[in-house]
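One structure below.
Derivation of every value follows stated rules applied to the coordinates shown; laboratory data play no part. Computed from a predicted structure; not experimentally measured. Cβ sites come from the backbone with ideal geometry, for glycine too, and all protein chains shown count toward neighbours.
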Amino acid sequence: MILTKIEQIDKKRYRIYVEGEFVFLLYVTDIRKYKLEEQMEISSEEFEEIYKDVVLRRAKMKAMFLLKSMDYSEKGLRDKLAKLYYPPKVIDDALTYVTGYGYIDDERYARNYVRFKKDSQSRKQIAFTLQQKGVSKEYINMAFEEEYDNESNAIVRAIIKKIGSMERLEELTAEEKRKVGAFLYRKGFSSEEIREYISF
């Protein structure tokens with residue numbers, strides 16, 4: 001295998017290309033340690049050593065560090081690692097590792113997300129966000145079944161956030177009520193739910 005290119009990203013990090021393909025990211029200290037140069041021949045054994053002992057180990061540690069500070073869906077963690085210049089194969093292997101220990105679980109993630117957001121967001125808004133995070137519809141539906149009672153808490157909180165208190169609803173003009181209704185509709189609440197609280 002020929003190391004075809006060493007591309008600098010910043011002062012410390014470099015993209016490494018083998019046979020013209022981006023294979024992993026290394027730090028300047030790694031390049032010095034393995035005496036890597038453009039157009040040099042690299043054996044499959046040396047490639048595997050760098051991949052397993054440096055790159056994959058670093059990706060696993062980064063994934064664990066990210067999961068320590070907050071919960072991620074599989075897609076969310078995948079996207080985060082991709083932004084840190086980890087190529088797909090490294091990300092796949094790192095996710096296999098953390099998933100094997102139960103650190104990533106989209107079903108659990110969906111339940112926790114619904115539980116945390118159910119009093120401040122509409123069902124529609126929560127479902128949309130979870131879908132954007134790559135959580136399957138099956139897990140989203142299961143989470144709603146287990147964690148979501150009704151939208152009354154969420155819609156009341158949204159109204160209070162918009163106008164200050166529920167009592168203020170009676171003081172609003174018809175035009176102001178329409179604006180609050182439009183705000184709630186954009187938040188994902190249905191017309192029927194909105195009419196339970198606001199009479200136009």
Next item on the list: Over all alpha-carbon pairs in segment 85-146, figure out the percentage whose distance exceeds 17 Å.
Entry: 46 percent
Checklist line | Charge dipole (debye, nearest 20) of the chain; +1 at Cβ of Lys and Arg, -1 at Cβ of Asp and Glu | finding: 780 debye
Checklist line | At q = 0.09 Å⁻¹, base-10 log of I(q)/I(0) for the chain (Debye sum, equal scatterers on each alpha carbon) | finding: -0.54
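From the cross-link list Lys12/Lys33; Lys35/Lys89; Lys62/Lys137; Lys62/Lys89, which pairs have alpha carbons spaced over 20 Å apart?
Values: Lys12/Lys33 14 Å; Lys35/Lys89 24 Å; Lys62/Lys137 28 Å; Lys62/Lys89 15 Å.
Checking Cα-Cα distances, Lys35/Lys89; Lys62/Lys137 exceed 20 Å.
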Checklist line | segment 12-114: Rg to Rh, with Rh as the Kirkwood radius over Cα pairs | finding: 1.05
Checklist line | Percentage, to the nearest whole number, of Cα pairs in segment 152-197 over 12 Å apart | finding: 57 percent
